[in-house]
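The values are calculated or read from the model by the stated rules, or taken from the named source; none is laboratory data. Please read these numbers as outputs of a predicted model, since none were measured by experiment. Neighbour counts run over all protein chains shown; Cβ positions are idealised from the backbone, glycine included.
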Amino acid sequence: MIHRNDGQWSLRLVLLACLSCCVVATSAEIPGASPSAPVTAAAPLVAAASDLKFALGEIVEQFRRETGIAARVSLGSSGNFARQIEQGAPFEIFLSADEAYVRRLFDAGLTRDDGSVYAIGRLVFFVPTGSPLDPDPRLASLRRRLDGGQPGRFAIANPEHAPYGRAARQVLQALGLWNAVRPQLVIGENVAQAAQFASDGNTEGGLIAHSLALAPELGRRGRFVLVPDELHEPLRQRMVLLRNASPAAVRLYDFMHAPASRAVFERYGFALPLD
Amino acid sequence: MEHPGALHVRLRQAEPFPLEVDFEAPAGSVTALFGPSGSGKTTVLRTIAGLHRPPEAEVASGGQRWTDTAAQLMVPTHRRPVGFVFQDYALFPHLTVREQVALALDRPRGAPRAARVDELLRITRLEGLGDRRPGALSGGQQQRVAIARALARDPAVLLLDEPFAAVDWDLRESLRQELMALQRATSLSMVIVTHDFEDVVKLASHVVLLERGTVTAAGTVETLTASNRLPGLDRHREPAVALDARVAGHDAARQLTHLEARELRVSVPTIHSPVGAPVRIQIPAREVILANRRPEGLSLHNVLEAEVLAVEPSSHEALRLVHLVVGHTRLLSLVTVDAVQKLALAPGVPILALIKAVSVEAFA
Amino acid sequence: MDWTALGLSLRLGLVTVALLVPLSFLLARWLAFARFRGRGLVEALVALPLILPPTVVGFYLLTAFGRQSWFGRAFESLAGQPLVFSFEGLVLASLLVNLPFAVQPMQNALAAIPRNVRDAARCCGLSPLGVIRRIELPLALPGIATAVVLTFAHTLGEFGVVLMVGGSIPGETRTIAIAIYDRVQAFDEHGAGIMALVLLVLSVAALWITNAMARRMSRHT
């Protein structure tokens, strides 16, 4: 029976497949409806600088335990997010690693207000286990390596749009190492990727966020030391509510200002703003 | 001037190559489009089917206009009652024989359709092959499927593009016979493209000669062969008259069959056709001996009273082509210049035409 | 294992196939059968996504459909949300990027049908639609199957364009390819490895099934 009209049978199968595709497709057309969002309120969408990976993770988990609302977090470089939000990305809360980006969005009328500084970020010199480098505050070991003639790769975040990358460049320029180290640089798209490059053994080290270096996942891969903050412009990290923020997002925003949250930021090496 | 039931074809184009054609194929006739490759024959066929649209064209069948560029009329191919047998058969590779034929039958549906499919398979001698796919068929079988498929349309005209071109000798003959039988049984109008004049002689009642895009001669096969007005064929073909005859009777004792083409009566070695059956005969000019006295003691069977119509030069300088007429039927004889002088042949002179029984080619 | 991301990728793949394959069939048909002067140019344009880096495509799509463009603004006023950074935006990008994968196999399969066979179909009384349904579709089926599989598999793996046009919004535009990238950046190699394996198995299965189907279908032509 199968052999008799193979052409027709296969044709029907393909048509059936296309039809079921259409059915699935139309059922998926409800914007924002995610089958795994477990709550009745729409899960707030958060764009956060990637140095907040661990700190924010804890805060968001704590928020979920208390309110039952599970936030959806996207991590990346602050500059990237600012651009996406300008393009209409539907984020509701933006935690930037540099307040300049928040100001830009505020000036464009995309935010509710000009936000608030939630932390001051610090840069560290991270060295993975087995690296010929030694972590020291003024990067002397790096200088020696560069002078020595056979330097290895060095990781930083992208200075164009990642605040920690810009700070790293400022540090290297201040120390007069920028031109020498430039050919050796491995650029992470954001500071979390830079941290990954700095710690997986494929580079000799890098300049990354203090908050990331403090996490156990990173801590066990190497050693680090704080870089003096006078070597770069301060990393004033500012968060803000976007215009389209839902009530759930507002709740989360307020939660991030609560003492419990501030304690988390502190634990992850952020200096708190004096206010 | 259009005749009812006839297929009227007129077309003219300059691109992609020049072609200018105007002819009529009477209803029930077999018209051969004859010419060398590249003369435009297939284009004419495609125009009749509606697959090709020249800048200027008129195609009408039985008074129904199919193409008329002047009136912006172009009946789409699928609405024309034509059957087309392509040179490479163009069978549908994914369908069985039965399915191919059924596809071409859009009416009736259901059970009567199955019966009609069976009938078509029977007519084309394809019984038992209904469930095969083209890949499992021989060349001759494939052609018969193409014919069955074309007939399923109940066409007003059957178009065949070089039906015998890709086929070996034995198959050729049997296919020709089948096509002849089919035509006699159905009186279907046919237009056959061919570059082999034997097909014309054996099958066609009318012929249109095409050379490099223009019609060089058109008319019945009988008239054209008898007048020997066949441009372009002189080099390839010896003069011979093709006639439509009938079986007048059989002589079993002498193993002869008597044939009649109007006033012209000839005897040939026995052919197995019933009395009254149509037979096409061809009498080569070189086989016709002329005499001014009835001979005796010869093996000859056919002695015909004729009159000389004209004496024409032939391709060879020492030969002459003599046009004769037997009653109203024309005949040709190829003789030497010397013979012409010897017999004092001139228009109006009565003469006897002698033809061996064996020399008459009979196609039943 | 990010089931949302996987579901998103599968949905994107299916939607792209459902929308693109029928449209591409018509385009493939036109390219296979019609004779017109600009044909070479159209074929080149169709093939463009094969050689352009996905980021280039993504960049131009953002420019053409982002908030700064009239198209993006029109969409936003109609739908209430911007086209970029949405699933719909991904679908649009996916349709454009997968064009050659859908068109070329079908075009080749259709062009392989001898002209006389299609003409014979018309002489058998089939209307143009009938010719498509009874002759072209069945004979081009292996090409159609290839187009479906290639489009689906390619969409599953699409990264550059999705990232640029969609961002990485969980539940909306974070497909499984993006999610894997995310996991690696989050030092979760284990999670990334699981998802990568699932994606690999799915792709191989899809290819295997379609190859089997294509072989079956072409057995009798």
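A few remarks follow.
- Screening C:Gly191 with (1) within 30 Å of C:Gly89 (Cα to Cα); (2) more than 13 Å from chain A (Cβ to nearest Cβ); (3) surrounded by fewer than 18 Cβ atoms within 10 Å (Cβ to Cβ); (4) modelled with pLDDT of 85 or more gives one miss only, at (2).
Residue by residue, here is whether (1) closer than 30 Å to B:His316 by Cα; (2) touching a Pro at 6+ places or on another chain (Cβ under 9 Å) holds:
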{"position": "B:Val208", "(1), (2)": "yes, no"}
{"position": "B:Thr223", "(1), (2)": "yes, no"}
{"position": "B:Glu238", "(1), (2)": "yes, yes"}
{"position": "B:Ala248", "(1), (2)": "no, no"}
{"position": "B:Arg262", "(1), (2)": "no, no"}
{"position": "B:His272", "(1), (2)": "no, no"}
{"position": "B:Ile281", "(1), (2)": "yes, no"}
{"position": "B:Asn292", "(1), (2)": "yes, yes"}
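- Meets criteria (surrounded by fewer than 19 Cβ atoms within 10 Å (Cβ to Cβ), within 30 Å of B:His328 (Cα to Cα), assigned by TED's automatic domain parsing to the domain that holds B:Phe23 and touching a residue at least 24 places away in the same chain (Cβ under 8 Å)) for B:Ser205: no
- Which listed residue, of C:Val117, C:Val184, is within 22 Å of A:Ala49 (Cβ to Cβ) and either out of contact with any Leu (no Cβ under 6 Å at 6 or more places or on another chain) or part of a helix (DSSP H, G or I) (or both): C:Val184
- Residue that is nearest to C:Phe159 (Cα to Cα), among those in the stretch C:78-94 that are more than 12 Å from every other protein chain (Cβ to nearest Cβ) and surrounded by fewer than 24 Cβ atoms within 10 Å (Cβ to Cβ): C:Leu92
- Of the candidates C:Arg134, C:Arg67, the single residue that is of a type in the set (Lys, Arg) and not in a helix (DSSP H, G or I) is C:Arg67.
- Test: residue in the stretch B:13-26 that is closer than 26 Å to B:Val145 by Cβ and either more than 18 Å from the chain's Cα centre (by Cα) or among the small types (Gly, Ala, Ser) (or both): yes
- Residue in the stretch B:320-337 that is modelled with pLDDT of 90 or more, surrounded by 13 or more Cβ atoms within 10 Å (Cβ to Cβ) and part of a helix (DSSP H, G or I) present: yes
- Neighbours by Cβ (under 8 Å, 6+ apart or cross-chain): first from the stretch B:70-82, closer than 10 Å to B:Arg153 by Cα; second of a type in the set (Val, Ile, Thr) and part of a helix (DSSP H, G or I): B:Val82/B:Ile48
- Total residues in the stretch B:29-69 satisfying the condition of being farther than 21 Å from C:Cys124 by Cα, assigned to a loop (DSSP other than H, G, I, E, B) and under 22 Å from the mean Cα position of the chain (by Cα): the figure is 7.
- Scanning the stretch A:215-230 for residues that are part of a loop (DSSP other than H, G, I, E, B), charged (D, E, K, R) and in contact with a Phe, Trp or Tyr (Cβ under 9 Å, 6 or more places away or on another chain) yields one hit, A:Arg221.
- Listed here are the strands (runs of 3 or more DSSP E) enclosed by the stretch B:232-271 that have at least 3 residues being over 21 Å from B:Pro284 (Cβ atoms): B:240-251.
- Residue check for C:Leu126: over 20 Å from C:Ala214 (Cα atoms), hydrophobic (A, V, I, L, M, F, W, C), away from chain A (no Cβ under 12 Å) and assigned to a loop (DSSP other than H, G, I, E, B): yes
- Meets criteria (facing another protein chain (nearest Cβ under 9 Å) and under 30 Å from B:Gly50 (Cβ atoms)) for C:Pro114: yes
- In the stretch A:191-210, the residues that are away from every other protein chain (no Cβ under 12 Å), of a type in the set (Gly, Ala, Ser) and touching a Gly at 6+ places or on another chain (Cβ under 7 Å): A:Gly201, A:Ala209
- Comparison of C:Leu10, C:Leu78, C:Leu83 shows that the only residue that is modelled with pLDDT under 95 and in contact with a helix residue (DSSP H, G or I) (Cβ under 6 Å, 6 or more places away or on another chain) is C:Leu83.
- Pick from the stretch B:83-100, criterion without any contact (Cβ under 8 Å) to a residue 60 or more places away in the chain and facing chain C (nearest Cβ under 9 Å), ranking: nearest to B:Val191 (Cα to Cα): B:Tyr89
- Check on B:Arg265, free of Cβ contacts under 8 Å to residues at least 12 places away in the same chain and either surrounded by 21 or more Cβ atoms within 10 Å (Cβ to Cβ) or of a type outside the set (Val, Ile, Thr) (or both): no
- Apart from one condition, A:Trp178 fits all of (1) touching a Leu at 6+ places or on another chain (Cβ under 7 Å); (2) free of Cβ contacts under 8 Å to residues at least 12 places away in the same chain; (3) in the same structural domain as A:Ser74 (by TED's automatic domain parsing); the exception is (3).
- Candidates B:Gln183, B:Gln177, B:Gln143 - the one that is part of a helix (DSSP H, G or I) and touching a Gly at 6+ places or on another chain (Cβ under 9 Å): B:Gln183
- Residue in the stretch B:9-20 that is crowded, with 19+ Cβ neighbours inside 10 Å, of a type in the set (Asp, Glu), touching a strand residue (DSSP E or B) at 6+ places or on another chain (Cβ under 8 Å) and in a strand (DSSP E or B) present: no
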